[in-house]
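Undergrad: Can you keep this structure in mind? I'll have questions shortly.
The values are calculated or read from the model by the stated rules, or taken from the named source; none is laboratory data. Not measured: the values here are computed from a predicted model. Don't worry about glycine lacking a Cβ; one is built from the backbone with ideal geometry, like all the others, and counts go over all protein chains shown. In case anyone asks, the SASA skips ligands and DNA or RNA and just uses the protein heavy atoms, side chains included. Shrake-Rupley method; radii C 1.70, N 1.55, O 1.52, S 1.80 Å.
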Amino acid sequence: MDKIVIEGGKSLHGEIRISGAKNAALPLITATLLSPGWHTLHNVPDLRDTRTMLALLESLGVVWERQGDTLRINSDKLAGYEASYNLVKTMRASVLVLGPLLARMGRARVSLPGGCAIGARPIDFHIKGLEKLGVNLTLEQGYVDAQVKERMEGNTIYFDIPSVTGTENMLMAAVVAKGTTVIKNAAREPEIGNLVDMLVSMGARIEGKDSDKLIVHGVEELKPAEIAIIPDRIETGTFLVAVGATGGELTLTNCNPAHLPSLFEKLRAVGLDIEAQDDAIRVASNGSIRSVDVKTMPYPGYPTDLQAQIMALMALGNGLSVIVETIFENRFMHVAELRRMGADIRIDGHSAIISGKERLYGAQVMATDLRASASLVIAGLAAEGKTEISRVYHLDRGYDDLANKLSNVGARIWREKE
Ligand code: EPU
């Protein structure tokens, strides 16, 4: 197993190319199950999670080939409909095969994910939504067994809370259902817009892209897609926050500044100079870090996937900061590790109260989940001395080549065998 070693205190200077978004690549890969023929996906990041998703599809009979960041996928010979516990337990997004398998085969058997490092994360919205479309679902031995007699039927689905993968599963089921499906209080994350674009290019009829009300008129057949994965807004945000913590200036290319409205607001309040162009962002620090309050919300609010990273920055702020996590009940696993680096953070329910310190100190720390790992990298880059982050496989789930990208812009960071 690898660990990441960082000698902190170097500011970042240069250019980084942003990869395709993990949370768009995963649903778009599963959407290839909807139609036979060769699908082509461009700008696909090479991550542990995308590899896991391809292994899951392979177990269903799918073949694929990768050339650089282009992935070609063919599901002509689908032979199975089960996502086993072994795969789902390593990656909850495996549940995204539920909608497309039902659409294509009328049958799916998917292991219930169980809890994970950031919370209980049930899939009851997925189940209730599919039931509304006429799917018969039973729970047995930890699996959801889903069957539909003939064709799913359109209906109105309302989410109590906007769910990202819930909305994606409903979309992928509803595109071939009989009649019209309306998804109310749908999630509006840009990754869903990317999926809508792919489905529409396959022949689906969807209205309301990027809004909280999606209207899907079912069609009988879909054709293969060719589409590019949108840039990863969380990777982009992670580098922006890193510049805040280390100082320096970076240009991020191949990204979409329009996808980070709330982060820009916060980082400008912190004191960063951010200049957005069409598909690039220039960020510069003047060295000062003003403490700000943050509350995570569904898009376009501040993303929960950038909560841990900004906490590392606030640990170096000039005053007091309150960070409220409203999406996941247990997403403060990074706090104990940041404290080991000298951060002053107190947890009170869903809030973290951070009293900024002049400096953090390198330490041996442990990655507990993907975004927590990114926050430890940011803290390590800014800290005095050496930081060693173990359990780097969490980071590899969602960041494409992070250590190299940072080392190319001046950070002293490398991987070592543990
Ligand atoms: N929820 C339910 N029931 C459900 C589904 C969700 O109660 O059936 C609750 C969740 O427990 C949570 C809230 O609804 O409190 C929102 O969860 P959501 O369903 O939107 O999360 P998700 O779809 O499981 C995706 C991302 C996460 C990201 C969240 C929130 C993917 C593959 N994953 O998860 O990404 O944090 O949306 O934006 O898109 C990450 O990349 O590190 C990551 C965890």
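Undergrad: Does region 399-418 hold any residues that are in contact with a Gly (Cβ under 7 Å, 6 or more places away or on another chain) and either open to solvent by 50 Å² or more (accessible area, probe 1.4 Å) or modelled with pLDDT under 95 (or both), and which are they?
TA: Within region 399-418, ASN408 is the sole residue that qualifies.
Undergrad: Which of the residues spanning region 367-407 are away from the ligand (no atom under 13 Å from the Cβ), touching a residue at least 60 places away in the same chain (Cβ under 8 Å), of a type in the set (Gly, Ala, Ser) and closer than 16 Å to ILE18 by Cα?
TA: Across region 367-407, the qualifying residue is only ALA403.
Undergrad: Next question. Any residue at all in region 296-304 that is in contact (Cβ under 8 Å) with a residue 24 or more places away in the chain and either away from the ligand (no atom under 15 Å from the Cβ) or basic (Lys, Arg) (or both)?
TA: The initial filter retains those residues of region 296-304 that are in contact (Cβ under 8 Å) with a residue 24 or more places away in the chain, namely 296-304.
Checking the rest, the ones that are also either away from the ligand (no atom under 15 Å from the Cβ) or basic (Lys, Arg) (or both) come to none.
No, that holds for no residue.
Undergrad: When you go through LEU96, LEU57, LEU78 one by one, which is the residue that is under 22 Å from LYS22 (Cβ atoms) and away from the ligand (no atom under 11 Å from the Cβ)?
TA: Exactly one of LEU96, LEU57, LEU78 is under 22 Å from LYS22 (Cβ atoms) and away from the ligand (no atom under 11 Å from the Cβ), namely LEU57.
Undergrad: Follow-up. In region 252-276, how many residues are closer than 20 Å to ILE230 by Cα, among the aliphatic types (A, V, I, L, M) and surrounded by 15 or more Cβ atoms within 10 Å (Cβ to Cβ)?
TA: Residues that pass the stated criteria total 4.
Undergrad: Name the single residue that is surrounded by the most Cβ atoms within 10 Å (Cβ to Cβ) among those in region 282-298 being of a type outside the set (S, T, N, Q) and assigned to a loop (DSSP other than H, G, I, E, B).
TA: ILE289
Undergrad: Quick check on my filter: what residues within region 40-63 are over 16 Å from GLU168 (Cβ atoms) and either touching a strand residue (DSSP E or B) at 6+ places or on another chain (Cβ under 9 Å) or acidic (Asp, Glu) (or both)?
TA: Those that are over 16 Å from GLU168 (Cβ atoms) and either touching a strand residue (DSSP E or B) at 6+ places or on another chain (Cβ under 9 Å) or acidic (Asp, Glu) (or both): THR40, HIS42, ASN43, VAL44, PRO45, ASP46, LEU54, GLU58, SER59, LEU60, VAL62, VAL63.
Undergrad: (1) within 16 Å of the ligand (Cβ to nearest atom); (2) open to solvent by 50 Å² or more (accessible area, probe 1.4 Å); (3) touching a Cys at 6+ places or on another chain (Cβ under 7 Å): which one isn't true of ASP279, the others all being true?
TA: Among (1) within 16 Å of the ligand (Cβ to nearest atom); (2) open to solvent by 50 Å² or more (accessible area, probe 1.4 Å); (3) touching a Cys at 6+ places or on another chain (Cβ under 7 Å), ASP279 violates only (1).
Undergrad: I need the strands (runs of 3 or more DSSP E) fully contained in region 336-393, keeping only those with at least 1 residues that are farther than 18 Å from GLU7 by Cα and open to solvent by less than 30 Å² (accessible area, probe 1.4 Å).
TA: 344-348, 351-355
Undergrad: Only one residue in THR156, THR167 is within 11 Å of the ligand (Cβ to nearest atom) and of a type in the set (Ser, Thr, Tyr), so which one is that?
TA: THR167
Undergrad: Check ASP69, ASP49 and return the single one that is within 16 Å of the ligand (Cβ to nearest atom), surrounded by 15 or more Cβ atoms within 10 Å (Cβ to Cβ) and of a type in the set (Asp, Glu). If you could, list the steps in order and put the result at the bottom.
TA: On the way: ASP69 fails: within 16 Å of the ligand (Cβ to nearest atom).
The conditions single out ASP49.
Undergrad: Looking at region 318-335, which of the residues that are in a helix (DSSP H, G or I) and open to solvent by less than 60 Å² (accessible area, probe 1.4 Å) is farthest from the ligand (Cβ to nearest atom)?
TA: VAL335
Undergrad: Would you be able to tell me the number of residues in region 106-126 that are under 12 Å from LEU96 (Cα atoms) and either open to solvent by less than 20 Å² (accessible area, probe 1.4 Å) or near the ligand (Cβ under 6 Å from one of its atoms) (or both)?
TA: Number of matching residues: 6.
Undergrad: How many residues does region 64-90 hold that are more than 22 Å from ARG109 (Cα to Cα), touching a residue at least 24 places away in the same chain (Cβ under 8 Å) and basic (Lys, Arg)?
TA: 1
Undergrad: Just wondering, is there one or more residues in region 301-310 that are assigned to a loop (DSSP other than H, G, I, E, B) and either at pLDDT 95 or above or of a type in the set (A, V, I, L, M) (or both)?
TA: We begin by selecting, within region 301-310, every residue assigned to a loop (DSSP other than H, G, I, E, B); these are 301, 303.
Going one step further and asking which of them are either at pLDDT 95 or above or of a type in the set (A, V, I, L, M) (or both), we end up with 301, 303.
There is at least one residue in region 301-310 that is assigned to a loop (DSSP other than H, G, I, E, B) and either at pLDDT 95 or above or of a type in the set (A, V, I, L, M) (or both).
Undergrad: In region 208-250, what residues are in contact with a His (Cβ under 9 Å, 6 or more places away or on another chain), more than 30 Å from ALA372 (Cβ to Cβ) and hydrophobic (A, V, I, L, M, F, W, C)?
TA: Once the filter is applied, which keeps residues that are in contact with a His (Cβ under 9 Å, 6 or more places away or on another chain), more than 30 Å from ALA372 (Cβ to Cβ) and hydrophobic (A, V, I, L, M, F, W, C), region 208-250 yields ALA225, ILE227.
Undergrad: Could you check region 2-65 for strands (runs of 3 or more DSSP E) lying wholly inside it with 1 or more residues that are closer than 14 Å to ILE227 by Cβ, aromatic (Phe, Trp, Tyr) and modelled with pLDDT of 95 or more?
TA: Hits in region 2-65: 38-42.
Undergrad: Let me ask something additional. Looking at (1) under 25 Å from ASN194 (Cβ atoms); (2) in contact (Cβ under 8 Å) with a residue 24 or more places away in the chain, which is the one condition that is false for ALA276?
TA: (2)
Undergrad: Quick check on my filter: what residues within region 133-164 are surrounded by fewer than 17 Cβ atoms within 10 Å (Cβ to Cβ) and of a type in the set (D, E, K, R)?
TA: Matches in region 133-164: GLU140, ASP145, LYS149, GLU150, ARG151, ASP160.
Undergrad: Separate question: Among the residues of region 77-105 satisfying the criterion of being hydroxyl-bearing (Ser, Thr, Tyr) and touching a helix residue (DSSP H, G or I) at 6+ places or on another chain (Cβ under 9 Å), which is surrounded by the most Cβ atoms within 10 Å (Cβ to Cβ)?
TA: Ranking the candidates gives SER94 first.
Undergrad: A further question on this structure: Taking TYR399 as meeting all but one of (1) assigned to a strand (DSSP E or B); (2) in contact with a helix residue (DSSP H, G or I) (Cβ under 9 Å, 6 or more places away or on another chain), write down the number of the exception.
TA: If we test TYR399 against (1) assigned to a strand (DSSP E or B); (2) in contact with a helix residue (DSSP H, G or I) (Cβ under 9 Å, 6 or more places away or on another chain), just (1) comes out false.
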